[in-house]
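The values are calculated or read from the model by the stated rules, or taken from the named source; none is laboratory data. Every value quoted in this text rests on a predicted model; they were computed, and no experiment measured them. With ideal geometry, Cβ positions are generated from the backbone for all residues, glycine too; neighbour counts draw on all protein chains shown. The protein model used for the area step is the full one, side chains on, heavy atoms only, and it has no ligands, DNA or RNA in it. Shrake-Rupley method; radii C 1.70, N 1.55, O 1.52, S 1.80 Å.
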Amino acid sequence: MSDIGDWFRSIPAITRYWFAATVAVPLVGKLGLISPTYLILSPEAFLYRFQIWRPITATFYFPVGPGTGFLYLVNLYFLYQYSTRLETAFDGRPADYLFMLLFNWICIVLLMIPLIMSVLYVWAQLNRDMIVSFWFGTRFKACYLPWVILGFNYIIGGSVINELIGNLVGHLYFFLMFRYPMDLGGRNFLSTPQFLYHWLPNRRGGVSGFGVPPANMRRAADQNGGGGRHNWGQGFRLGDQ
């Protein structure tokens, strides 16, 4: 049991709580401790019966059953694997990572699978040239991973709506936070609210591990002879725009 405890404590904090809730809430519904009808999203119950917990529980609930158990485990694995990697890349700036999750959560209308897919999409875009392995030994660039998973989930689950929504929202966040201001020279439309920094203060100076910088930023660094603010190397820092 100590090994499991050590493994659980080794998960980055935000991912750890998200992972734990995604295990606990479906388990509560499966055991019948709380009826699953009280865990799913219901706008009528939320607005007119003041069941204000539903947007939260709907984010973590998955109807585990004979036909959905494998799909649930697959998505739980994706949550652990890619949220851990992305939060590690955000290491030192937990408020920025939490803001990304909140932005995606609101855009996705508070559902579990799309939120997981949005995180996976952002990680894949920030590490787009990394070679990843998938089932049966297949290998390809990380930028294709969200679409491969979409096709995989279609085969095992029969629907791609949740995965497609997650990919689109992940692309929206990536475009507004990284591509538009850094690659296209546009303004910053997204910024982490200050109250999140007060709640989750920075522990380091920035974020690393994001692959290569956008093309126009590389050109600017070359023209400056490497003497500018950015020292890209194998990654770039969030907030040093």
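Numbers at a glance
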| item | result |
| --- | --- |
| Those residues of the range 154-177 which are open to solvent by 20 Å² or more (accessible area, probe 1.4 Å) and among the polar types (S, T, N, Q), in sequence order | SER159, ASN162 |
| Single residue of the range 114-134 satisfying the filter (touching a helix residue (DSSP H, G or I) at 6+ places or on another chain (Cβ under 8 Å) and open to solvent by 40 Å² or more (accessible area, probe 1.4 Å)) that is nearest to PHE174 (Cα to Cα) | ARG128 |
| Filter result for LEU111 (open to solvent by 30 Å² or more (accessible area, probe 1.4 Å) and out of contact with any helix residue (DSSP H, G or I) (no Cβ under 8 Å at 6 or more places or on another chain)) | no |
| First in the range 146-172 and touching a residue at least 40 places away in the same chain (Cβ under 8 Å) and under 16 Å from PHE134 (Cα atoms), second anywhere and acidic (Asp, Glu) and in a helix (DSSP H, G or I), Cβ under 7 Å, 6 or more apart | ILE149/GLU163; ASN153/GLU163 |
| Candidate set from the range 183-194 (those that are in a loop (DSSP other than H, G, I, E, B) and not aliphatic (A, V, I, L, M)); member that is most open to solvent (accessible area, probe 1.4 Å) | ARG187 |
| Residue in the range 135-142 that is within 15 Å of the chain's Cα centre (by Cα) and surrounded by 15 or more Cβ atoms within 10 Å (Cβ to Cβ) present | yes |
| Some residue of the range 134-146 being under 21 Å from TYR197 (Cα atoms), outside any loop (DSSP other than H, G, I, E, B) and of a type in the set (A, V, I, L, M) | no |
| Any chance TYR180 is open to solvent by 60 Å² or more (accessible area, probe 1.4 Å), in contact with a Gly (Cβ under 9 Å, 6 or more places away or on another chain) and modelled with pLDDT under 90 | yes |
| Residues of the range 70-108 that turn out to be crowded, with 21+ Cβ neighbours inside 10 Å and within 21 Å of TYR154 (Cα to Cα), as a count | 4 |
| Subset of the range 71-122 (residues that are at pLDDT below 90, in a helix (DSSP H, G or I) and over 23 Å from TYR144 (Cα atoms)) | ILE106 |
| Unmet requirement for LEU27, which otherwise passes all of (1) modelled with pLDDT under 80; (2) out of contact with any Ser or Thr (no Cβ under 6 Å at 6 or more places or on another chain); (3) among the hydrophobic types (A, V, I, L, M, F, W, C) | (1) |
| Filter result (under 22 Å from the mean Cα position of the chain (by Cα), assigned to a helix (DSSP H, G or I) and touching a residue at least 24 places away in the same chain (Cβ under 8 Å)) within the range 1-55 | ALA13, ILE14, THR15, TRP18, PHE19, ALA21, THR22, VAL23, ALA24, VAL25, PRO26, PRO55 |
| Condition met for TRP18 (closer than 29 Å to ALA95 by Cβ and open to solvent by 100 Å² or more (accessible area, probe 1.4 Å)) | no |
